[in-house]
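Trainee: Questions regarding the structure given below will be posed in turn.
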Amino acid sequence: MSGGLDTARTIDSRVAALGELDFAKTVEQRPSETIQPKLAPVGAAEALARLAELSKKSLSERLISGATLGEGGMGVVRLAEQVSMGREIAVKTLRPSDGDTTHAALRALREAWVTGSLEHPNIVPVYDVAIDEQGAPVIVMKRIEGQSWSALLSDPDAVREKFSSQDPVEWHLRVLLSVCNAVHFAHTKGIIHRDLKPENVMIGAFGEVYVLDWGIAVSVFPDPTGRLPDRAFATEIAGTPNYMAPEQLEQTPELITPRTDVYLLGAMLFELFSGEPPHRGENLQQIFASIIESKIEFPQGFPSEARAIAERALARKPQDRFEDAAALKSAIEEYLQHRGSRRLAFRARKSLDRMLELLATEQPGPDRSAAVFNLLGECRFGYRAALEAWPENTTARQGLDKALIAVIDAELSDGDALAARALSRELSSIEPALAARIERAIQARNAEDERLRKLADDYDMQAGTRTRMMLGVLMGVTWTVLPLVGAILERQGYPVSYRAIGVAMAGFFLVGSVFRLWARESMGRTQVNRGLSATMGVQLVVQFLLLGAAPTMGMSPQRLMAVYVLTWALTKLLVAVWVERWFVALAALDALCFFVAAGEPSLTLWVMSLSNAVFTVAIVRLWLPQQDRARIQERRAAFRARTRELFARSAEQEAQDS
C-alpha cells in the first residue's frame with residue numbers, strides 16, 4: 001500500500017516539474033503538436049561555413065572519389081563520398097578517351113535524365129548530373145549494395161540463405177512483380193525500357209529490387225528540352241537478342257510500345273522457370289529467326305498456368321499480349337495465389353493418402369477411427385485453406401470430396417449412419433447412389449432405435465410401478481387374511497376343506513380379474529407388467545389343477561396348501577430370475593415355510609399368512625413410487641411437527657393451570 005502511495009507522489013512531483021518548463025503552455029494549448037528541442041550550438045557554425053565553402057565549388061570538387069565499383073563499354077562507376085550530405089554515393093563517368101566522346105556523353109546523360117525522371121522505389125534514384133572541367137558527364141546516383149538478379153536465378157541456396165526464403169520460386173516471382181511495378185510506372189510517364197532482362201535488375205542486401213540500365217529507353221512523348229530520347233528516332237535495332245520482341249527487329253519506331261516491354265517481362269518469366277532465355281541458337285541468325293518466329297519451346301515441367309501467362313506475354317503480335325505491365329503483374333499475382341493453393345492441396349493429399357492406406361489395411365475399431373478422423377481433420381484443413389485461397393481449385397475440391405467419401409463409406413460400414421450423413425453435407429455434390437445408401441442406413445438406424453426404444457419401454461421397471469404395487473398388495477393382503485381366518489376357524493373346530501379352498505381361490509380369481517380389467521392399460525404397457533400378470537395367471541391355473549388332483553392323489557387340504565406354498569416359492573424364484581432380483585429372498589422365505597408346513601401340517605395356514613404378510617410389506621417398500629414415498633414422508637414430518645406442537649401447547653396449558 002505504501003509503495004503505491006510513493007509511486008503516486010513521485011508521478012505528481014514529476015508532472016509538476018514538467019509543467020514549469022518553457023513549452024508547458026504550448027503543449028497545454030496544442031498537445032497534438034510536436035515538441036521541438038533546442039538546437040545544440042556545438043559545431044553548427046563550422047557545418048554552415050563548410051557548406052557555404054562547398055557551394056562555391058563544382059560538383060566534381062564536392063565529391064571525394066573512392067574505389068571503382070564497376071566498368072562498362074564506355075563508362076565507369078566509382079564509389080564516392082558526397083561531402084555536403086556526408087554519405088556514400090555512386091558516381092558514373094566516361095572512361096578517358098582520345099576520340100570524340102560527344103555521343104557517349106549524350107547517351108550517359110540521357111540515361112541519367114530518364115532514370116531521374118522516374119522517381120520510384122524500384123528504380124535507382126539519380127541525385128544530380130553535371131559536366132566536369134573536361135566536358136565529361138558526372139552522374140551522381142544512390143549507391144546500391146547487392147548483386148544481379150541473374151546470379152540469384154541460378155543459385156536457390158543463396159536465396160534461401162540471404163533472404164530467408166523457403167520457396168525460391170515464389171521469391172523470384174515477387175522480384176518480377178516489383179520489376180513489373182517499376183516498368184508500369186515508367187510506361188505511365190511515357191518511357192519504354194527496351195532492354196529488360198535479369199542482368200539489368202539489381203537485388204539489394206535487404207531484398208530491394210531496382211531496375212537498371214535505362215540507356216536505350218525511349219519516350220513516346222516528345223521532350224522539348226531534349227533530355228529524353230524520342231521514340232521517333234529509334235530507327236535502329238536495339239536490345240538484347242536473347243530476350244528481344246519481334247518488333248525490335250523491324251526498325252519501325254511506331255511498333256515500339258509498352259507491349260514491347262511486356263514481351264521482355266514475359267521473357268524473364270520464361271527464364272525464371274526454364275533456366276534459359278526464350279531465344280537461343282548457335283549463331284546470331286538462328287537467334288534472330290527465333291525472335292521473328294516467336295514460337296517458344298517450353299520445357300517439360302513448366303507449370304501449366306505459368307506457361308499460359310508466359311505464352312500470352314510472349315505472343316508474336318503485340319495486340320495478343322497483355323495490354324500493359326500492370327495486367328501481367330495481376331496475372332502473376334493470381335498465379336502466385338493459385339500456386340499457394342496448389343501447394344496446400346499437395347500437402348493435404350499426403351494426409352489423404354495416409355488415411356486411405358489406413359482404411360485399407362487396419363481393422364475397424366476405436367484406434368482406427370481416432371487415427372482416421374485425425375487425418376481427415378488434416379485433409380479438411382489443407383483442402384479448405386486451398387479453396388479459400390482459390391475457390392476454383394478443382395484438385396482441392398476433388399481431394400476433399402474423395403476424403404469425405406472414403407470416411408463416409410467407413411462410417412456406413414461401421415454402422416454410424418448419422419456421422420455419414422453429417423459428412424455428406426460437406427460434399428460439393430453427392431451421387432444419387434451414395435445418397436440412397438445413406439438414406440437406407442438412416443432408415444435402418446431409425447428402425448433399430450425405435451426397436452430399442454420399445455424394448456427399453458417394455459423393460460422399464462418404473463413404468464406401472466404403482467399398479468404393480470397395488471396388484472401385489474391385493475394378492476398379498478388376500479392371501480394373508482384368508483389363511484389367517486382359516487387358521488382361526490380351524491382352532492374353533494372348523495377344519496379346512498377342498499370346498500373352502502376352491503371358494504377362496506374362485507373369489508380371488510374374480511377379484512383379480514376385475515382388477516386386471518380395470519388396470520389393463522397400465523398392466524399391458526410393458527413386458528414386465530405383462531409378464532407379471534401372466535405369471536400370476538399361471539400360478540392360479542396351477543393351483544386350480546392341484547386342487548382338482550388333490551382328492552385323487554389322496555392329498556389332504558393341509559398338504560395341498562403346503563404344496564401351494566412351494567408353488568409360490570417357485571413362482572417368486574422365476575420372477576427373481578427375469579424381473580426383480582430381490583424376489584429371491586421372498587422365494588427363500590416361502591421355501592422355509594413349505595418345510596415348516598410339511599413337518600408340522602397344523603402350522604400350514606399360519607406360515608402361509610406370515611409369508612404373504614412379509615410379501616405385502618416388501619412389495620410396498622420396494623414398489624412404492626418415489627414421488628409417493630416422498631409425499632408420505634412429507635405427511636409424516638408434518639404430522640410429527642403438528643403432534644409436537646399439540647404436546648407443547650398441552651404442556652404449556654398444564655403449566656399455566658398449575
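Trainee: If only one of Glu170, Glu236 is farther than 26 Å from Arg143 by Cα, assigned to a loop (DSSP other than H, G, I, E, B) and assigned by TED's automatic domain parsing to the domain that holds Gln319, which one is it?
Mentor: On the way: Glu170 fails: assigned to a loop (DSSP other than H, G, I, E, B).
Testing whether each residue is farther than 26 Å from Arg143 by Cα, assigned to a loop (DSSP other than H, G, I, E, B) and assigned by TED's automatic domain parsing to the domain that holds Gln319 leaves just Glu236.
Trainee: For the range 554-583, how many residues meet the condition of being within 19 Å of Leu540 (Cα to Cα) and basic (Lys, Arg)?
Mentor: The qualifying residues number 2.
Trainee: Something else about it: With Gln626, Gln633 as the choices, which residue is exposed (fewer than 11 other Cβ atoms within 10 Å of the Cβ), under 23 Å from Ala585 (Cα atoms), modelled with pLDDT under 70 and among the polar types (S, T, N, Q)?
Mentor: Gln626 is the lone residue from the list that is exposed (fewer than 11 other Cβ atoms within 10 Å of the Cβ), under 23 Å from Ala585 (Cα atoms), modelled with pLDDT under 70 and among the polar types (S, T, N, Q).
Trainee: Please report, ordered by residue number, the helices (runs of 4 or more DSSP H) entirely within the range 259-372 with at least 1 residues that are at pLDDT 95 or above and surrounded by 22 or more Cβ atoms within 10 Å (Cβ to Cβ).
Mentor: The helices (runs of 4 or more DSSP H) meeting that bar are 304-313, 325-361.
Trainee: Can you go through Ala456, Ala406, Ala389, Ala447 and tell me which one is out of contact with any Asp or Glu (no Cβ under 6 Å at 6 or more places or on another chain) and at pLDDT 90 or above? It would help to see each step written out before you state the result.
Mentor: Values: Ala456 fails: at pLDDT 90 or above; Ala389 fails: at pLDDT 90 or above; Ala447 fails: at pLDDT 90 or above.
Matching residue, one of Ala456, Ala406, Ala389, Ala447: Ala406.
Trainee: Also: How many residues are surrounded by 15 or more Cβ atoms within 10 Å (Cβ to Cβ) and assigned to a loop (DSSP other than H, G, I, E, B) if we restrict to the range 173-207?
Mentor: Residues flagged as surrounded by 15 or more Cβ atoms within 10 Å (Cβ to Cβ) and assigned to a loop (DSSP other than H, G, I, E, B) within the range 173-207 amount to 8.
Trainee: Criterion first (closer than 22 Å to Val201 by Cβ and not aliphatic (A, V, I, L, M)) does Pro258 satisfy it?
Mentor: Yes.
Results for (1) closer than 17 Å to Ile144 by Cα; (2) modelled with pLDDT of 75 or more, shown as yes or no for each residue.
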| position | (1), (2) |
| --- | --- |
| Leu48 | no, no |
| Glu53 | no, no |
| Lys57 | no, no |
| Thr68 | yes, yes |
| Gly72 | yes, no |
| Val77 | yes, yes |
| Glu81 | yes, yes |
| Glu88 | yes, yes |
| Thr93 | yes, yes |
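Okay, residues lined up against (1) outside any helix (DSSP H, G or I); (2) within 23 Å of Leu605 (Cβ to Cβ); (3) without any contact (Cβ under 8 Å) to a residue 40 or more places away in the chain:
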residue: Pro483; (1), (2), (3): no, yes, no
residue: Gly493; (1), (2), (3): yes, yes, yes
residue: Val503; (1), (2), (3): no, yes, yes
residue: Arg525; (1), (2), (3): yes, no, no
residue: Gly537; (1), (2), (3): no, no, yes
residue: Val542; (1), (2), (3): no, yes, yes
residue: Met553; (1), (2), (3): yes, yes, yes
residue: Arg559; (1), (2), (3): no, yes, no
residue: Leu573; (1), (2), (3): no, yes, yes
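Trainee: Further question on the same structure: Just checking, which of Arg107, Arg62, Arg30 is among the charged types (D, E, K, R) and modelled with pLDDT of 80 or more?
Mentor: Working: Arg62 fails: modelled with pLDDT of 80 or more; Arg30 fails: modelled with pLDDT of 80 or more.
Of the residues listed, the single one that is among the charged types (D, E, K, R) and modelled with pLDDT of 80 or more is Arg107.
Trainee: Just checking: which of the strands (runs of 3 or more DSSP E) contained wholly in the range 72-156 hold 2 or more residues that are in contact with a Ser or Thr (Cβ under 8 Å, 6 or more places away or on another chain) and within 23 Å of Ile191 (Cβ to Cβ)?
Mentor: 75-82, 126-131, 137-142
The values are calculated or read from the model by the stated rules, or taken from the named source; none is laboratory data. Quick caveat: nothing in here was measured; it's all calculated off a predicted structure. Cβ sites come from the backbone with ideal geometry, for glycine too, and all protein chains shown count toward neighbours.
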